[in-house]
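Everything on this sheet refers to the single structure shown next.
Just so it is clear, none of the values below were taken in a lab; they were calculated from the coordinates. Worth saying up front: this structure is predicted, and the values here are computed from it rather than measured. Note that each Cβ is placed from the backbone with ideal geometry, even for glycine, and that neighbours are counted across all protein chains shown.
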Amino acid sequence: MSGRAGEGGRGKKPSFNPMLYLVTDPDLSLGRLEEEVVRRAVAAGVTMVQYRDKGTSTKRMIEKTRQLSDICRPAGLALIVNDRIDVAMAGGADGVHLGQDDMVLADARRLAGDHFIIGISVTTIEEAAKAEKGGADYLGANGVFSTDTKTDLGEPLGLAGVARLASATSLPIVAIGGINDRNAGEVMAAGAHGVAVVSYIVSAENIEERCKNLLGTIFSACEK
């Protein structure tokens, strides 16, 4: 699950560790480049990174994927690309994260191979079961709490929704949506294997402090 399509053999082999999963967003990064945000977050302890940018060209996305890979790979972190398996493969990322309206999982797996990490966003037990049967590597519980980052998700899953999904699958659950250092512990206790965070990190003046706070909350929850 931790293989790499595209450019192989450079730096450390990335591990799949979604405990603190950073998702980039150039519109929320206070004018900073994704490279700066990711570099600082990686140094502060994030365990996995997803490159997400819906407002730029394919060419630029591939270039950015390569740049972010150069940050993540020496640290042994997996780099995932949101939605775009073509960008992920061309840019040498380690995987792709697909929504329910993106490429069908079976087609993505045929293109990328068995060692490519593929995550699927789910909101229901039925979607989770289908993704697990289809060979997904992890599930994104989308979204747990209300958030301004994505406004098209309908009613939040809440902690009970995370628990339902976690009890219905053997795949790792990565929770996303309105998560911060005040509620991350509850999300982990509900059954999540990790939390995915956008604005709480990328919109922070002090990225390092936010990462430290989140990791502290997550570690405390895991020790209970």
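Residues whose amide H comes within less than 5 Å of that of V144, counting only those at least five positions distant or on another chain, are L157, I176, G177 (H built at 1.01 Å from N in the peptide plane).
Going by Cα centres, region 60-101 and region 160-224 are how many Å apart? One Cα centre to the other: 22 Å. Tally Lys/Arg at +1 and Asp/Glu at -1 over every other residue whose Cβ is under 14 Å from the Cβ of P26; what's the total? Value of the local net charge: -2.
What the Cα atoms of the chain give is an Rg and a Dmax of 15.9, 46 Å. Relative contact order of the chain, taken over Cα pairs closer than 8 Å and 6 or more residues apart, is 22 percent.
Taking a Cβ cut-off of under 11 Å around F16, the surrounding Lys, Arg, Asp and Glu residues balance to a net charge of -1, with basic ones at +1 and acidic ones at -1. Scalar couplings 3J(HN,Hα) for region 195-211, obtained by applying the Karplus form with A = 6.51, B = -1.76, C = 1.60 to θ = phi - 60°, are 10, 9, 10, 10, 5, 4, 9, 5, 9, 7, 5, 10, 4, 4, 5, 4, 5 Hz; x denotes Gly and Pro. Quick check on my link table: of K130/K224; K54/K224; K54/K130; K13/K64; K64/K133; K64/K212, which ones sit more than 29 Å apart, alpha carbon to alpha carbon? The answer is K130/K224; K54/K224; K64/K133.
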